[in-house]
Amino acid sequence: MEREKILKNALAGDINSFQTLFAEFQNQLKTYLYRLFADRNKVDDLTHDTFIRAFDKISTFNQDSSLKTWVFKIATNLAYDHLRKLKRWPADAQDQGAYLAIGTEEIQRSFRVVHQTSNAGAYEMKEHIDFCFTCISKTLPIENQVALILKDIYDFQIKEICLILEKTEGVVKHLLNFSRDTMTSIFDNRCALVNKNGVCDQCSQLNGIFNPKQDQQEQRMKLELVKESSKFNRAELFTLRTKLVKAIDPLHSSGADLQDIIMRCTRTAIGEVGDFVGSAQGKAD
């Protein structure tokens, strides 16, 4: 009853009541936007813009869906305005980031400083797998990326995604199937955790750099993804990967700052941002 009263007050234009309801899913909204953009600088601004736009339009909320779904639709539409200006990422974006870091002492030093001084500068392989999932998801067209993340990471129902994307159920299911197949194929060919012939073992290599005293194989074997990889059921491995990603908060995890600076290096390498050093200093300021 209390929540119904708060909703009624929010619909009547009480901003404090709306803030109370918005706060229930605000962090989830922020991590959703981060997964779409891979850019912390966009998250707070778009979350604020979403709040303002939703409150301004609250009288149009007809309760055909949950308030959360309605707000995520507004956030998604705002995100589109920015994302459509960006190019889709290449599948080897992480490789390009690694080459840039290896060849740039200043970037390596930035990594070390964050790792050694930040409260969120720890390195865990599972967090880098989350990082990897974000990078690979950004190879998809925007609608596919949105549908996949909403369904497989945030557990939105198909009908809710239909409302958010303004698509039919058949179209949304097609978006999801295409996205899963595409990402699974990329992981099959790239990820050494699921395929011994995979070209990418970055998560293990970085663990060796940042946690040199740990036994690398022991850390790998702690991951359910590695334990199940010998069976190599593509769909099951992808599901295991999404379960791992769901459990990571990319903005507040123990290694969030380290993964973010690695992400900025990757974005610099593929040309999405022009100057790693300048963006890193701007973030610090």
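Every number in this text was worked out from the coordinates using simple rules, so none of it is lab data. If you're wondering where the values come from, they're calculated on a predicted model, not measured in any experiment. Please note: Cβ atoms are built from the backbone with ideal geometry, for glycine as well, and neighbour counts cover all protein chains shown.
Looking at the range 200-259, which chymotrypsin sites (Phe, Trp or Tyr not before Pro) are in a loop (DSSP not H, G, I, E or B) and have at most 12 other Cβ atoms within 10 Å?
Answer by residue number: Phe232.
Considering the options Tyr123, Thr47, Pro90, tell which one lies farthest towards the positive end of the dipole of the range 38-123, charges being +1 on Lys and Arg and -1 on Asp and Glu at the Cβ, about the Cα centre.
Selected residue: Thr47.
Hey, which of these cross-link pairs are over 30 Å Cα-Cα: Lys68/Lys126; Lys8/Lys173; Lys5/Lys126; Lys73/Lys227? Display every interim value, and only then the final one.
Details: Lys68/Lys126 28 Å; Lys8/Lys173 34 Å; Lys5/Lys126 41 Å; Lys73/Lys227 38 Å.
Check vs 30 Å cut-off fails for Lys8/Lys173; Lys5/Lys126; Lys73/Lys227.
Among the aspartates and glutamates, select those whose C-alpha is under 17 Å from the C-alpha of Lys246, and discard any that sit fewer than 8 residues away in the same chain.
Hits, sequence-local ones excluded: Glu124, Glu127, Asp130, Asp152, Asp155, Glu224, Glu236.
Find, among the trypsin sites (Lys or Arg not before Pro) in the range 1-60, those assigned to loop by DSSP (not H, G, I, E, B) with at most 14 other beta-carbon atoms within 10 angstrom.
Qualifying residues, ordered by number: Lys57.
Taking the Cα centre as origin and putting +1 on Lys and Arg beta-carbons and -1 on Asp and Glu beta-carbons, what dipole magnitude results for the chain, to the nearest 20 debye?
Details: 38 positive and 38 negative charges, 95 e Å.
The dipole of the chain has a size of about 460 debye.
Taking the Cβ of Trp89 as the center, what net charge do the other residues with Cβ under 11 Å away carry, scoring Lys and Arg +1 and Asp and Glu -1?
Net of charged neighbours comes to +2.
Near Asn195, within a Cβ-to-Cβ distance under 11 Å, what is the net charge of the other residues, with Lys and Arg +1 and Asp and Glu -1?
With Lys, Arg at +1 and Asp, Glu at -1, the neighbours total +1.
Projected onto the charge dipole of the chain (+1 at Lys/Arg Cβ, -1 at Asp/Glu Cβ, origin at the Cα centre), which of Phe37, Thr69, His174 gives the Cα projection farthest towards the positive end?
Farthest towards the positive pole: His174.
Pairs of alpha-carbon atoms within less than 8 angstrom and 6+ residues apart define the contacts here; what relative contact order does the range 89-285 have, in percent?
Once normalised by length, the contact order is 35 percent.
Under the rule of at least 5 residues apart or a separate chain, name every residue whose amide H is placed under 5 Å from the amide H of Cys200.
Hits under the 5 Å cutoff: Cys191, Ala192.
Under 16 Å from a point placed 7 Å out from the Cα of Ser59 along the Cα-to-Cβ direction: which residues of the range 3-40 have their backbone N that close?
So the set is 9-15.
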